[in-house]
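Values in this text are rule-based calculations from the coordinates and carry no lab data. What you see is a predicted model; the values in this text were computed from it and never measured. With ideal geometry, Cβ positions are generated from the backbone for all residues, glycine too; neighbour counts draw on all protein chains shown.
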Amino acid sequence: MLYLIDGNNVMDQAGVEDKGIPAARKKLILGLVHFVAVNRVKVQVVFDGTPDEEFPDGRMYKGVKILYAKAGSDADSRIKDIVGKSSYRRDMTLASSDRDLELFVKKLGARVISSGKFREMIKEAEDKLTYREKVSPSEPVNVEEWMEFFKSEK
């Protein structure tokens with residue numbers, strides 16, 4: 001099962017753009033990572049705008065494939081292209097509240113859930129994870145520091 005996410009639409013529905021687009025994207029991507037971990041599904045998210053340095057176009061991050069609108073286009077067009085070229089449309093679910101996109105995708109045989117419903121699904125997935133599973137290390141572990149901390153004194 002592939003979940004195809006209309007990134008900006010889901011961010012808008014959650015009201016997370018207040019802290020800026022990069023922060024909102026990162027928050028959504030981390031939520032998607034949790035969703036993947038709990039549900040063992042494939043996820044692709046498509047954003048409008050210029051790709052982030054941390055999450056460039058085409059990057060696979062902990063089970064989430066990150067895509068952006070092509071130059072001079074929008075995320076809806078990229079999503080339509082992905083669905084149109086897919087041989088597995090019946091195994092796709094689009095998360096978006098965009099009516100035109102919903103009609104296009106349904107006509108091709110894919111399913112659609114609203115952005116609000118998908119945000120609830122992310123929240124449910126996050127609630128199932130332990131604190132340790134939710135923590136997403138952003139820095140590499142300093143092994144020498146840990147070895148020093150745990151060394152025994154003989």
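Worth a mention:
- Ranking of 60, 1, 121 by count of other Cβ atoms within 10 Å, fewest first: 60, 1, 121
- Burial ranking of peptide ranges 82-94, 27-39 (average Cβ count within 10 Å, highest at the top): 27-39, 82-94
- With an a/c value of 1.5 or above and a/b not larger than b/c for the gyration tensor axes a ≥ b ≥ c computed over the alpha-carbon atoms, region 45-134 is described as oblate.
- Each label point was placed 7 Å from the Cα along the Cα-to-Cβ direction; for residue 54 and residue 88 their separation is 2.9 nm.
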